[in-house]
Amino acid sequence: MAETNNLRIVDDAASLFHAAAEDFTNRVEFTLKSSDRFTVALSGGSTPKGLFSLLASSYRERLPWNKIFFFWGDERHVPPDRSESNYRMANEALLSKVPIPASNIFRVRAEDPDANRAAAQYEQTLRDFFHPAAGSFPQFDLILLGMGPDGHCASLFPGSAALQEKSRLVVANWVDKFKTFRITFTVPLINQAKAVEFLVGGADKSAALYEVLEGGGSTDQFPSKMIHPVKGQLMWLVDKAAAASLARKSA
Ligand code: 6PG
């Protein structure tokens, strides 16, 4: 199936979370008609928190938690109990509130002082779970992404080394503006997903969203432009504030 780049513009943050929760649930139910599991990589930052809270409340009874397997598309280089941890946010907002087996949760061991070792270990975790054929990439059912005001996604920041990675699944990426490493999925891994969904809200994202979807900026300047699933679906779920600079409206 060729990439279908769908753009859906909703009114506000609450609408964004509800649309994302409904879409997530529909994807799970559809996938489980022909599979015994659903694999999802979560995004970090603050945007997804509203989605996670909804899944843990209004959708708690509807989702077959024992058949959903959670990974992270990126993680900060910190222990899981630190406020910056993407795992901690997801655990507090969602995973600790639903009946999911601990064995369904695969967090990045980002407490390892050696970021490269943490990335290599997470890559091995993916290989051990998905058993991809030699030279191929694991295929997630869904990868959720956010986008920063600079156009980054996961921890693929403008001008960073990870943007050039063509063969690894997970790398430690030095992020100069934060003077720290981040552990992140690579572009080729993300682009192998059956579905990639960006959740983008807020006026501070409007300039970058224009550049990524309609502007002429380079992929190095706006790394989210590099996300084009090879066979999967690409969905942009954005609110009106983030879409303010777009000429194109919902498709
Ligand atoms: C992270 C995220 C990152 C995030 C964007 C948007 O680890 O921070 O994975 O890519 O999705 O920075 O963050 P907000 O949702 O907080 O705007």
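The values are calculated or read from the model by the stated rules, or taken from the named source; none is laboratory data. If you're wondering where the values come from, they're calculated on a predicted model, not measured in any experiment. Counting neighbours? That spans all protein chains shown, and the Cβs are built from the backbone with ideal geometry, glycine included. Heavy atoms of the whole protein, side chains included, go into the accessibility calculation; ligands, DNA and RNA do not. Shrake-Rupley method; radii C 1.70, N 1.55, O 1.52, S 1.80 Å.
Each residue was assigned an accessible area with a 1.4 Å probe, and for residue 60 the value is about 80 Å². Share of carbon and sulfur in the accessible area of the chain stands at 52%, probe radius 1.4 Å. Considering the zone a paramagnetic label at residue 220 would reach in this model (a point 7 Å from Cα along the Cα-to-Cβ line), which residues of region 151-169 have amide N under 18 Å from it? Inside the label zone: 151-153, 156-166. DSSP beta bridges fully contained in region 11-228 are about 50 percent antiparallel.
Computed across region 58-104, the Kirkwood hydrodynamic radius from all distinct Cα-Cα pairs reaches 11.7 Å. Packing here is the average count of other Cβ atoms within 10 Å per residue, and on that basis the peptides 223-234, 137-148, 199-210, highest first, run 137-148, 199-210, 223-234. Among 34, 160, 222, flag the residue with its Cα farthest along the positive direction of the charge dipole of region 11-228, charges on Cβ as +1 for Lys/Arg and -1 for Asp/Glu. Of the listed residues, the answer is 34. Less than 5 angstrom separates the built amide H of residue 140 from those of 193, 194, all sequence-distant by 5 or more or on a different chain. For residue 38, nonlocal amide neighbours, meaning residues 5 or more places apart or on other chains whose placed amide H falls under 5 Å from its own, are 68, 69.
Stretched out straight at 0.36 nm per residue, the stretch from residue 136 to residue 98 would grow longer than its current Cα-Cα span by 10.4 nm. Packing, taken as the mean count of other beta carbons within 10 Å per residue, orders the peptides 48-54, 76-82 from highest to lowest as 48-54, 76-82. Taking 0.36 nm per residue of separation and subtracting the current Cα-Cα distance, fully stretching the chain between residue 166 and residue 25 would add 47.6 nm.
Each of 148, 185, 212 was scored by the projection of its Cα onto the charge dipole of region 107-232, and the greatest displacement toward the positive side belongs to 185; charges sit on the C-beta of Lys, Arg, Asp and Glu.
Can you bin the chain into rounded, prolate or oblate? Criterion: square roots of the alpha carbon gyration tensor eigenvalues sorted a ≥ b ≥ c, rounded for a/c under 1.5, prolate for a/b above b/c, oblate for the rest. Rounded, because the longest to shortest axis ratio a/c is under 1.5. The value of relative contact order for the chain, using C-alpha pairs under 8 Å at least six residues apart, is 27 percent.
One chain, two ends: residue 114 and residue 18. Fully extended at 0.36 nm per residue, the span grows by 30.7 nm beyond their Cα-Cα distance.
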